[in-house]
Amino acid sequence: MEIKNRETAYDGYFKIYKLTVEQEGQTFTREQFDRGDAVAALVYDSEQNKYILAKQFRVGSETELVEVVAGMVDEGEEPEQSIEREIEEETGYKVDKLKHLHTFYSSPGGTTERVMLYYAEVSHQHQDGGGNGHENEHIEIIRLSPEELDQLQSPDAKTIIAQQWVKLQKR
């Protein structure tokens, strides 16, 4: 498969490209949702023995979701800087320890979004968190015991991957 042409179909909060693709002598079009790179972290408060998640409304699901802390990699930032910034904005904690777990595509059939998932340990909340008002974020901090995290039924892929990582650590 080869991309022969790329046109901008939409350029707003996100971008959508119209691609002309050639495969085995056939030419056809596909749309590509350019989401950019994202970061996410399973945050663990080592003092309270609690996992810290975020509850917020998500446009894609049209519901409130309880999920691991997440956000976009801003231009000029390294992913580690982005996730540390997101953790501080959303939860009010500074990161003590950061470990990269996985990098994956959220839905490679139509979107460019690549998610870098981390495990972050924190120990001191120095501000309220709750997200950035200027980004219209209204985030509720959710603290879960290890047992509660294990029982959480989430439809969010990055949260499910983080839960499975925790389960694998117990082996």
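The values are calculated or read from the model by the stated rules, or taken from the named source; none is laboratory data. If you're wondering where the values come from, they're calculated on a predicted model, not measured in any experiment. Neighbour counts are summed over all protein chains in view; Cβ atoms, including those assigned to glycine, are modelled from backbone coordinates with ideal geometry.
The rows are residues; the columns are (1) of a type outside the set (Gly, Ala, Ser); (2) touching a residue at least 40 places away in the same chain (Cβ under 8 Å).
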position: Ala9; (1), (2): no, no
position: Phe14; (1), (2): yes, no
position: Gln23; (1), (2): yes, no
position: Asp34; (1), (2): yes, yes
position: Asp45; (1), (2): yes, yes
position: Val68; (1), (2): yes, yes
Original post:
Is one or more of the residues making up the range 90-110 within 30 Å of Phe33 (Cα to Cα), outside the structural domain of Leu19 (by TED's automatic domain parsing), surrounded by 14 or more Cβ atoms within 10 Å (Cβ to Cβ) and of a type in the set (D, E, K, R)?
Top reply: yes
Original post:
Just one of Glu77, Glu140 is surrounded by fewer than 17 Cβ atoms within 10 Å (Cβ to Cβ) and under 30 Å from Leu19 (Cα atoms); which is it?
Top reply: Glu77
**OP:** Within the range 53-63, identify whether any single residue is farther than 30 Å from Glu2 by Cβ, surrounded by 21 or more Cβ atoms within 10 Å (Cβ to Cβ) and touching a residue at least 24 places away in the same chain (Cβ under 8 Å), and answer yes or no.
**Re:** yes
Subject >> Test: residue in the range 42-62 that is over 21 Å from Gln153 (Cα atoms) and among the hydrophobic types (A, V, I, L, M, F, W, C) >> reply: no
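Tell me yes or no: at least one residue of the range 116-124 is among the small types (Gly, Ala, Ser), assigned by TED's automatic domain parsing to the domain that holds Thr63 and at pLDDT 95 or above.
Step one: list which residues in the range 116-124 are among the small types (Gly, Ala, Ser), which gives 120, 123.
Restricting the remaining residues to those that are assigned by TED's automatic domain parsing to the domain that holds Thr63 gives 120, 123.
From what is left, the residues that are at pLDDT 95 or above are 120, 123.
Yes: the range 116-124 contains one or more residues that are among the small types (Gly, Ala, Ser), assigned by TED's automatic domain parsing to the domain that holds Thr63 and at pLDDT 95 or above.
When residues of the range 36-66 are filtered for being among the acidic types (Asp, Glu), under 20 Å from Ser107 (Cβ atoms) and in a strand (DSSP E or B), how many remain?
Taking the range 36-66 and keeping what is among the acidic types (Asp, Glu), we get 37, 45, 47, 62, 64.
Next, only the ones that are under 20 Å from Ser107 (Cβ atoms) stay: 37, 62.
Remaining after also requiring in a strand (DSSP E or B): 37.
Within the range 36-66, residues that are among the acidic types (Asp, Glu), under 20 Å from Ser107 (Cβ atoms) and in a strand (DSSP E or B) number 1.
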